[in-house]
Amino acid sequence: MREQQGDVQLFNAPDGGDIQVSGGIVSMDGGLETAAYLSLFGGNKNDDGSQDNSRTWWGNLSETGTVKQYRSETQNLLDRIPLISGNLIKVQLAAERDLAWFIDTKVASSVIVSATIPALNTIRIVVGIEAFGEQSHFTFTENWNSTV
């Protein structure tokens, strides 16, 4: 049996995150991509990011350290604000807040986020993370699900 190390690798699918299984083995990620994905899209989509929100992700209820809680404010915004270029900065700032724990816990020295609208009802969020002198870049393309 092959040893599995790291995190289960998540990737974008039309209906959210998904995993890949090949030959009965789940693909793993030894880097920061899964942590970034979960930070942006892994909480409760009804959680607006406020600290006293009763709609927080269930895993946050027993976590006393706020830096370890998944807020996923980015995911929440994609469901509640309209898809217009003026709202890209709101999504970008939310993503920066969702990813701030990388810097707060000294996992990374910098996190840079940009957001664009590459197609109808679609947002692309590009994340650049510098950790220990090593650069990582991740692109997350998601449906903009707002019903507004």
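The values are calculated or read from the model by the stated rules, or taken from the named source; none is laboratory data. The structure displayed is predicted, hence computed values, not measured ones. Here Cβ is always computed from backbone atoms with ideal geometry, including for glycine, and neighbour counts include all displayed protein chains.
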Exercise for the section: Output the number of the condition that SER146 fails; it satisfies all remaining conditions of (1) modelled with pLDDT of 90 or more; (2) surrounded by 14 or more Cβ atoms within 10 Å (Cβ to Cβ). Expected result: (1)
Practice task
Please identify the pairs in which a residue from segment 77-94 that is closer than 19 Å to SER39 by Cβ and in a helix (DSSP H, G or I) has its Cβ atom under 7 Å from the Cβ atom of a residue that is of a type in the set (Gly, Ala, Ser) and at pLDDT 90 or above, counting only partners at least 6 apart or on another chain.
Solution key: LEU77/ALA94; LEU88/ALA115; VAL91/ALA115; GLN92/SER114; GLN92/ALA115
Handout entry: Selection within segment 2-42 - in contact with a strand residue (DSSP E or B) (Cβ under 9 Å, 6 or more places away or on another chain), modelled with pLDDT under 70 and among the hydrophobic types (A, V, I, L, M, F, W, C)
Key = PHE11
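Residues that are hydrophobic (A, V, I, L, M, F, W, C), crowded, with 16+ Cβ neighbours inside 10 Å, assigned to a strand (DSSP E or B) and modelled with pLDDT of 90 or more: does segment 104-113 have at least one?
yes
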Exercise for the section: From the list GLY133, GLY128, pick out the single residue that is loosely packed, with under 13 Cβ neighbours inside 10 Å, free of Cβ contacts under 8 Å to residues at least 40 places away in the same chain and over 20 Å from ASN76 (Cα atoms). Expected result: GLY133
Completion exercise
The one condition PHE140 fails out of (1) hydrophobic (A, V, I, L, M, F, W, C); (2) more than 13 Å from the chain's Cα centre (by Cα); (3) more than 18 Å from GLY86 (Cα to Cα) is (2)
